[in-house]
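For reference, the structure is listed below as structure tokens.
Just so you know, all these numbers are worked out from the coordinates, no wet-lab data involved. From a predicted model like this one, the values you see are computed outputs, not experimental measurements. Quick reminder, even Gly has a Cβ in these numbers, built from the backbone with ideal geometry, and neighbours come from all protein chains shown.
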Amino acid sequence: MTTKTEPGTADETLGYEQARDELIDVVRRLETGGTSLEESLALWERGEELAKVCRRWLDGARARLDAALAEEGEGEGEDPDEE
């Protein structure tokens with residue numbers, strides 16, 4: 001089982017793909033069963049933490065895309081020869 005990290009530590013250094021892959025593993029382990037109640041709860045909590053990491057990455061990506069699209073939209077009315 002993956003070790004649980006304290007909030008604000010290693011989870012912030014996980015990339016999206018790392019967090020997603022670990023979350024998939026956690027879900028797979030929960031779905032197959034065979035774990036004690038205590039281990040299942042620990043897996044659930046870890047899954048919640050990983051889901052938050054993924055959501056932060058996705059929210060950040062969405063914000064960057066929105067900003068890029070807004071910037072592109074602002075530049076569409078400008079004449080490139082005016083500079």
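Using only the alpha-carbon atoms of the range 11-80 as identical scatterers, what base-10 log of I(q)/I(0) does the Debye formula give at q = 0.12, 0.22 Å⁻¹?
Ignoring solvent entirely, the Cα scatterers give -0.47, -0.90.
May I ask you to order 63-70, 37-44 by the average number of other C-beta atoms within 10 Å around their residues, highest value first?
Per-residue Cβ counts within 10 Å, averaged per peptide and sorted highest first, yield 37-44, 63-70.
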